[in-house]
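Participant: Provided herewith is a single structure, encoded as C-alpha cells, for subsequent inquiry.
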Amino acid sequence: MKVVDRETNSVAFEDPDGDKIEFRVSPGGDRLVYSVNGAERPPSAHVRWEPGLGLAGIALPDIQKGFPIPAASAVEILGGVRYLANRAGIKCEIPDDVDVPDGKFGLPNEIANQMLSSKESSA
C-alpha cells in the first residue's frame, strides 16, 4: 500500500487495549512526542515502520517503545507520523510502500518477540 505524507498537527489512534495513542511534534520542534490516554511520554528522535511477525507497528527505537496500529487505518497513520517526523527533522524509516495485513493489529518485532518468549517460558 502506498504511504502518502498527510499534513497534520497530530496523529491519534486506539490500540488493541483501548488506549488512545497520540503523536505530535515536541514544543521545541525537534522531536516526536507521544501520549497515552493524554499522559505525555518521552520524546523520540527516531521512528520506523516495524512489520513484525507479519503484523503492523510503529517503533521508536531510541526510547525502546513500540505500538500496534490498526490495519484498517495503517496507511493514514503512517502518512501522518511520517509527516510529523519530517517536520521535526528526526530519523524516519517509514517507506513509501508497506504491506499491511487485513484486519489485524501488529506489534514491533522487539515487543512481539518479548511477548512470545514470556508465553513460552510460562508454559
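Participant: With the requirement that a residue be of a type in the set (Asp, Glu), modelled with pLDDT under 95, more than 11 Å from the chain's Cα centre (by Cα) and assigned to a loop (DSSP other than H, G, I, E, B), what does the range 12-40 give you?
Facilitator: 17, 19
Participant: Would you call residue 72 outside any strand (DSSP E or B), among the aliphatic types (A, V, I, L, M) and modelled with pLDDT of 95 or more?
Facilitator: On the way: outside any strand (DSSP E or B): yes; among the aliphatic types (A, V, I, L, M): yes; modelled with pLDDT of 95 or more: no.
In short, no.
Participant: Moving on. Restricting to the range 50-66, and then to whatever is touching a helix residue (DSSP H, G or I) at 6+ places or on another chain (Cβ under 9 Å) and buried (at least 23 other Cβ atoms within 10 Å of the Cβ), can you tell me which residue is farthest from residue 14 (Cα to Cα)?
Facilitator: The extreme case among them is 50.
Participant: Sticking with this one: Considering only the range 57-70, I want to know if a residue exists there that is over 10 Å from the mean Cα position of the chain (by Cα) and among the acidic types (Asp, Glu).
Facilitator: Yes, the range 57-70 has at least one match.
Participant: Quick check: anything in the range 100-118 modelled with pLDDT of 80 or more and surrounded by 16 or more Cβ atoms within 10 Å (Cβ to Cβ)?
Facilitator: Just the residues of the range 100-118 that are modelled with pLDDT of 80 or more, to begin with: none.
No; the residues of the range 100-118 include none that is modelled with pLDDT of 80 or more and surrounded by 16 or more Cβ atoms within 10 Å (Cβ to Cβ).
Participant: Is there any pair with a first residue in the range 16-39 that is within 19 Å of residue 70 (Cα to Cα) and a second that is open to solvent by 70 Å² or more (accessible area, probe 1.4 Å) and not in a loop (DSSP other than H, G, I, E, B) whose Cβ atoms are under 6 Å apart and which are 6 or more apart or on different chains, and what are they?
Facilitator: Here the result reads 20/14; 37/20, each pair linking the range 16-39 to a residue that is open to solvent by 70 Å² or more (accessible area, probe 1.4 Å) and not in a loop (DSSP other than H, G, I, E, B).
Participant: Please name all residue pairs, on different chains or six or more residues apart, with Cβ atoms under 6 Å, provided the first residue is in the range 46-68 and is part of a strand (DSSP E or B) and among the small types (Gly, Ala, Ser) and the second residue is modelled with pLDDT of 90 or more and surrounded by fewer than 23 Cβ atoms within 10 Å (Cβ to Cβ).
Facilitator: From residues that are part of a strand (DSSP E or B) and among the small types (Gly, Ala, Ser), the pairs are 59/48.
Participant: Okay, next question. List, please: which pairs have Cβ atoms under 7 Å, are six or more places apart or on different chains, and start with a residue in the range 84-97 that is in a loop (DSSP other than H, G, I, E, B) and end with one that is charged (D, E, K, R)?
Facilitator: What qualifies is 89/30; 90/31; 94/48; 94/82; 96/2.
The values are calculated or read from the model by the stated rules, or taken from the named source; none is laboratory data. Treat the numbers as computed from the prediction; the structure is a model and nothing was measured. In this analysis, Cβ positions are derived from the backbone assuming ideal geometry, glycine residues included, and neighbour counts consider all displayed protein chains. The protein model used for the area step is the full one, side chains on, heavy atoms only, and it has no ligands, DNA or RNA in it. Shrake-Rupley method; radii C 1.70, N 1.55, O 1.52, S 1.80 Å.
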